[in-house]
Amino acid sequence: MSKVFGFAGENDFCPGGPIYTNHKEQNLFLSIGRPVDVYFPSRKRSRISAPFVFTEERFEQKKQASIEVLPDECLFEIFRRLPGGDERGACACVSKRWLSLLSNICKDELCSQNKSAKKNTQVKSEVEDEEIEGDGYLSRSLEGKKATDIRLAAIAVGTASRGGLGKLFIRGSNSSQGVTKVGLRAIARGCPSLKVLSLWNLPSVGDEGLSEIANGCHKLEKLDLSQCPAITDKGLLAIAKSCPNLTDLVIESCTNIGNEGLQAVGQHCTNLKSISIKNCPAIGDQGIAALVSSATNVLTKVKLQALNITDVSLAVVGHYGKAVTDLFLTSLSNVSERGFWVMGNGQGLQKLKSMTVASCVGLADTGLEAVGKGCPNLKQFYLHKCSFLSDNGLVSFAKSAVSLESLLLEECHRITQFGFFGSLLNCGANLKAVSLVNCFGIKDLKLDLPELSPCKSLRSLSIRNCPGFGDGSLALLGKLCPELQNVELSGLQGVTDAGFLPVLENCEAGLVKVNLSGCVNLSDKVVSVMTEQHGWTLEVLNLDGCRRITDASLVAIAENCFLLSDLDVSKCATTDSGIAAMARSNQLNLQVLSMSGCSMISDKSLLALIKLGRTLLGLNLQHCNAISSSTVDVLVESLWRCDILS
């Protein structure tokens, strides 16, 4: 038969030699289930005569001939010998198993590259360094469903070759696969350069996870723990012992963190500059006292809110807060007036510049006066919901706080017109801004004040939602404050033209920003006088809700306000004629125009709006029912630089 087909034997049929050295294996690829027209040289009969089937068992044996059969220990040794971060990053994409192994390799466990490899990668590393963020470290943020251990492991591996992770923010977690100690362990081992860590609303993260961070991230400087009920003093103790560079500490709604954890931080973290502790029922005077007293020369910012502390803590702050510049005290129900008095007389807050007291029933006249005397460099003071503070305390504070620049009173209902004007008359020469918000004790009384020197330092005045503030108070303010530049009178329905005109007439510096939103009784006369006397300085004008403002005001604005960049005439009685008048002005350069709720402005203003749109960056046409959608489409197409709300 070989002669018929012209070949001598098996080697001629396959010139390179037989495919299989074991001739028995050749039968595997020949089906004997039915006759086939294929010649095959006679061989010794195989012991297996049944048809061969590719069973799952044999297929699995073939499949196992890969790197996956290696145990984790072998893969670990291979991965730590990879030459660079790009190679490790590529391997991390293969499977979750590989990613998990790579994320558990510490930086000091990586085998060092030889000198030639370092030379070859020197240029590449220099290029990568240029892509790192400005502070030299990468920043990553995970929120909600994206916050899982797998993503944290990927971040740990991916950022290792990019200069290292510097900031990590985790806010919330996946309900089924949330962040646990496994993910934080990956960050701790792969990101030793981590300096900022923020953990919000992570119920599955406890002391073990925080201890992993402490063991691997010794450069940690800022730690934010919010709504992490599983973290206790044990986890905070680990951070305190292993992270001596900690400068900022935020603890909020962590019910199991108490005095012991704060005492450890105070003992080991001597560079602490800022603390913020809120709604932690287990924290008391011992923890706050230990924290503040141990950092007396470096602690600059203290924020205490909704804590079970007493007068003792405020006494410690007043005595040991020698470097404190910003102090926030909120909702301290157990602190009495004696606590504020002792804090003010402690003579330790000499560098305090900004202070906020909110919802503290213990703050009264005597304590406020002591704070004013004990803080000679206080510049900003904000009072919110201090129900027992009266006019006498406010006036005494104004006399004592000689460096005060900004004063805000919100929902202090015992403050009346006498206290407000008394503080203006007795303040130092540095007061620049005063704000009254929702103070219902202010009544528009007629005051016969003697001729007094005006408060020429005041530049900004804000009166918001004080229904008793009327024309009499406003006229008096106009005489006392001739150098005003920014005026905000929001929601003052009792103010009319008669009250605001004296402010305009007595203002010598020139108004820059004016907000009259909600002053429903002001008319075009106010706008006319304002634009004539202050049009050369006016930049922002808000007339939202001033229903008596008509097209006459827009004409006056178009003729006089060449520096005006932001105009709000929402819910005013303006029409198409007013918009056309502004469009005819060649010197008006508006950047933001709001006409929300102007029902009398229609499609007829299309060409005028297109002309105004040459300089506009923002246009508000919401609730302008007379403007059709087709007109809005034309405006969107024509004013491509402008953001249009409709």
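No lab work stands behind these numbers, since they all come straight from the coordinates. Note that the structure is predicted; figures quoted are calculated from it, not measured. All Cβ positions, glycine included, derive from the backbone under ideal geometry; neighbour counts span all protein chains shown.
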Can you give the charge dipole size of the stretch 472-631 about its Cα centre, rounded to the nearest 20 debye, using +1 on the beta carbon of Lys and Arg and -1 on the beta carbon of Asp and Glu?
340
Based on alpha-carbon centroids, what's the gap between the stretch 470-532 and the stretch 351-384 in Å, whole number please?
30
Taking the Cα centre of each part, how many Å lie between the stretch 211-254 and the stretch 543-579?
55
Can you bin the stretch 295-387 into rounded, prolate or oblate? Criterion: square roots of the alpha carbon gyration tensor eigenvalues sorted a ≥ b ≥ c, rounded for a/c under 1.5, prolate for a/b above b/c, oblate for the rest.
rounded
Rounded, prolate or oblate: which fits the stretch 356-490, taking a ≥ b ≥ c as square roots of the Cα gyration tensor eigenvalues, rounded meaning a/c under 1.5, else prolate when a/b beats b/c?
oblate
Identify, among Val402, Leu349, Val371, the residue whose Cα sits farthest towards the positive end of the charge dipole of the stretch 340-428, taking +1 on the Cβ of Lys and Arg and -1 on the Cβ of Asp and Glu, with the dipole about the Cα centre.
Leu349
Step through the residues of the stretch 383-398 one at a time and calculate ³J(HN,Hα) from phi using the Karplus curve (6.51 cos²θ - 1.76 cosθ + 1.60, θ = phi - 60°), rounding each to whole Hz and writing x for Gly and Pro.
10, 9, 6, 9, 6, 9, 8, 10, 4, 4, x, 5, 5, 4, 5, 4
Lys/Arg Cβ at +1, Asp/Glu Cβ at -1, dipole of the stretch 492-551 taken about the Cα centre: which of Gly494, Leu541, Leu504 is farthest positive-ward?
Gly494
Debye, to nearest 20: dipole size of the stretch 570-646, +1 on Lys, Arg Cβ, -1 on Asp, Glu Cβ
240
